[in-house]
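S.K.: Got a structure for you, questions after.
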Amino acid sequence: LADKTEAVTFNSTTDADKIVDAVKSFVEDYNTMITEIKNAYSTMPAEKTDGSRYEPLTSEDAEGMSESEIKAYEEKAKQGILFADRDISNLYEDLNSAINPGGADASFLRSIGIDTAYSDGLTTLKLDEDKLRAALESNPDGVKDAFTKTVENGASTDGIMKNLQTAVDRYAKVTGSKGILVERAGSVKAPATLNDNTLQDKLDDYEEQIEKWNTQLSNQIDYYSSQFTRLEQLILQMNSQSSTLMGLMGGSQ
């Protein structure tokens, strides 16, 4: 056993490989997400050769079509369904702002190997693993803070993860005050919202309007059918009277 008066020293090192792999996965996941979001609102609807768009298939339209033909048609009909959608484009911009904090935070992120790349209208993240490894060696706490710091805990600005969480919550929060997209279309993460959202309310309203107009149309059909039936009776009666009159007039000669 060491003498109790003898100093004990130890060294600790950061598991750089594990952290680099985690950051690399984060960058890849973010890029996959932001690319899908950008494609959702920038892809234009498909058009037929005559310039018209693919409308949803009705049951009558689908008659005589094979399953593969129906599937191919429906894929074209769904293409560009969110084209120029303001909420989706705003989500893209907010996520962009989250990874581009500006000022000293942006400079520090670049110094640890995290930067943005722009191509064909799309802004993504890119990672310089060598810079990140060097930063983990020289300033591991700074790297941690760049991701995890929050104003709530005393920092002057929020880190990249807090910025992203704020942006995502604004659109996709499923607890408490719901996110913009959840309010609009519901989410499987919050089952109650699937039947209580803006799009479902509009659908319910359309169904009520359809039912209302069907009832009015049925009433109009009944009304006109009744009028035509009455008219037919009057015509038959008039023909009968005319025949009688003609008979009387002929009989007097």
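S.K.: With a cut-off of at least 2 residues that are at pLDDT 95 or above, name the helices (runs of 4 or more DSSP H) lying wholly within the stretch 31-141. Let's see the steps before the verdict.
M.R.: Values: elements: 59-62, 67-78, 86-99, 103-111, 129-138.
Passing ranges, in order: 86-99, 103-111, 129-138.
S.K.: Of all residues being among the charged types (D, E, K, R) and touching a residue at least 12 places away in the same chain (Cβ under 8 Å) in the stretch 125-147, which is farthest from Leu194 (Cα to Cα)? Just the residue, please. Working first, answer last.
M.R.: Kept after step one, since they are among the charged types (D, E, K, R), are these residues of the stretch 125-147: 126, 128-131, 133, 137, 141, 144-145.
So of that shortlist, the ones also touching a residue at least 12 places away in the same chain (Cβ under 8 Å) come out as 126, 128-131, 133, 137, 145.
Working: Lys126: 36, Asp128: 42, Glu129: 42, Asp130: 46, Lys131: 45, Arg133: 45, Glu137: 48, Asp145: 38 Å.
Out of the qualifying residues, it is Glu137.
S.K.: Another question, then. Select from the stretch 153-179 the residues that are without any contact (Cβ under 8 Å) to a residue 24 or more places away in the chain and aliphatic (A, V, I, L, M) and write down the one among them that is farthest from Ile112 (Cα to Cα).
M.R.: For the stretch 153-179, the residue satisfying everything is Val174.
S.K.: Count, please, the residues in the stretch 185-220 that happen to be open to solvent by 90 Å² or more (accessible area, probe 1.4 Å), in a helix (DSSP H, G or I) and of a type in the set (Val, Ile, Thr).
M.R.: 1
S.K.: Take the stretch 53-83 and flag every residue that is of a type in the set (Gly, Ala, Ser) and open to solvent by 70 Å² or more (accessible area, probe 1.4 Å). Step through it out loud before you land on a result.
M.R.: Looking only at the stretch 53-83, we keep the residues that are of a type in the set (Gly, Ala, Ser), and these are 59, 62, 64, 66, 68, 72, 77, 80.
Within the stretch 53-83, Ser59, Gly64, Ser68 qualify.
S.K.: Identify all residues within the stretch 145-179 that are under 20 Å from the mean Cα position of the chain (by Cα), of a type outside the set (A, V, I, L, M, F, W, C) and under 24 Å from Asn31 (Cβ atoms); write none if there are none.
M.R.: Gln165, Thr166, Asp169, Arg170, Tyr171, Lys173, Gly179
S.K.: Also: Can you name the number of the only condition in (1) polar (S, T, N, Q); (2) open to solvent by 60 Å² or more (accessible area, probe 1.4 Å); (3) farther than 15 Å from Val23 by Cα that Ser111 fails?
M.R.: Answer for Ser111: the failing condition is (3).
S.K.: May I ask you to list the residues in the stretch 153-173 that are open to solvent by 70 Å² or more (accessible area, probe 1.4 Å) and basic (Lys, Arg)?
M.R.: Arg170, Lys173
S.K.: List pairs: first in the stretch 32-51 and under 15 Å from Asp87 (Cβ atoms), second part of a helix (DSSP H, G or I) and open to solvent by 70 Å² or more (accessible area, probe 1.4 Å), Cβ under 9 Å, 6+ apart or cross-chain?
M.R.: Matching pairs, first to second residue: Tyr41/Arg86.
S.K.: Further, regarding this structure: More than 30 Å from Asp85 (Cα to Cα) and surrounded by fewer than 10 Cβ atoms within 10 Å (Cβ to Cβ): which single residue out of Met249, Met238 fits that description? Write out each step before concluding.
M.R.: Numbers: Met238 fails: surrounded by fewer than 10 Cβ atoms within 10 Å (Cβ to Cβ).
Of Met249, Met238, the one residue that is more than 30 Å from Asp85 (Cα to Cα) and surrounded by fewer than 10 Cβ atoms within 10 Å (Cβ to Cβ) is Met249.
S.K.: Tally time: how many residues in the stretch 89-123 are hydroxyl-bearing (Ser, Thr, Tyr), under 19 Å from Lys24 (Cβ atoms) and under 20 Å from the mean Cα position of the chain (by Cα)? Before you say what the answer is, go through the steps one by one.
M.R.: In the first step, residues of the stretch 89-123 are kept if they are hydroxyl-bearing (Ser, Thr, Tyr); the result is 89, 92, 97, 107, 111, 116, 118-119, 123.
From the residues that got through so far, the ones that are under 19 Å from Lys24 (Cβ atoms) too are 111, 116, 123.
Applying the additional criterion that residues be under 20 Å from the mean Cα position of the chain (by Cα) yields 123.
So the answer is 1.
S.K.: A further question on this structure: Being touching a Phe, Trp or Tyr at 6+ places or on another chain (Cβ under 9 Å), in contact (Cβ under 8 Å) with a residue 12 or more places away in the chain, open to solvent by less than 60 Å² (accessible area, probe 1.4 Å) and β-branched (Val, Ile, Thr) is the requirement here; does Thr150 meet it?
M.R.: On the way: touching a Phe, Trp or Tyr at 6+ places or on another chain (Cβ under 9 Å): no; in contact (Cβ under 8 Å) with a residue 12 or more places away in the chain: yes; open to solvent by less than 60 Å² (accessible area, probe 1.4 Å): yes; β-branched (Val, Ile, Thr): yes.
No; evaluated as a whole, the condition is false for this residue.
S.K.: Answer yes or no: is there a residue in the stretch 137-144 that is under 33 Å from the mean Cα position of the chain (by Cα) and either surrounded by fewer than 17 Cβ atoms within 10 Å (Cβ to Cβ) or over 18 Å from Lys24 (Cβ atoms) (or both).
M.R.: For the stretch 137-144, residues under 33 Å from the mean Cα position of the chain (by Cα) and either surrounded by fewer than 17 Cβ atoms within 10 Å (Cβ to Cβ) or over 18 Å from Lys24 (Cβ atoms) (or both): present.
S.K.: What residue, among those in the stretch 189-220 that are basic (Lys, Arg) and within 26 Å of the chain's Cα centre (by Cα), is farthest from Lys178 (Cα to Cα)? I'd like the intermediate steps shown before the answer.
M.R.: First, the residues of the stretch 189-220 that are basic (Lys, Arg): 189, 202, 212.
Then drop every residue that is not within 26 Å of the chain's Cα centre (by Cα), which leaves 189, 202.
Working: Lys189: 11, Lys202: 18 Å.
Top of the filtered list is Lys202.
S.K.: Another one. Please work out which one of (1) surrounded by 12 or more Cβ atoms within 10 Å (Cβ to Cβ); (2) touching a strand residue (DSSP E or B) at 6+ places or on another chain (Cβ under 6 Å) is the condition Ala117 fails and give its number.
M.R.: Here Ala117 clears every test but (1).
S.K.: Could I ask something else about it? Just to verify a result, which residue in the stretch 120-135, among those that are of a type in the set (Gly, Ala, Ser) and open to solvent by 20 Å² or more (accessible area, probe 1.4 Å), is nearest to Ser107 (Cα to Cα)?
M.R.: Residues of the stretch 120-135 of a type in the set (Gly, Ala, Ser): 121, 134-135.
If we keep only those that are open to solvent by 20 Å² or more (accessible area, probe 1.4 Å) too, we end up with 121, 134.
On the way: Gly121: 23, Ala134: 16 Å.
Here the residue is Ala134.
The values are calculated or read from the model by the stated rules, or taken from the named source; none is laboratory data. Just so you know, these numbers come straight off a predicted model, no measurement behind them. Cβ: placed from backbone, ideal geometry, glycine included. Neighbour counts: every protein chain shown. For accessibility, only protein heavy atoms count, side chains too; no ligands or nucleic acids. Shrake-Rupley method; radii C 1.70, N 1.55, O 1.52, S 1.80 Å.
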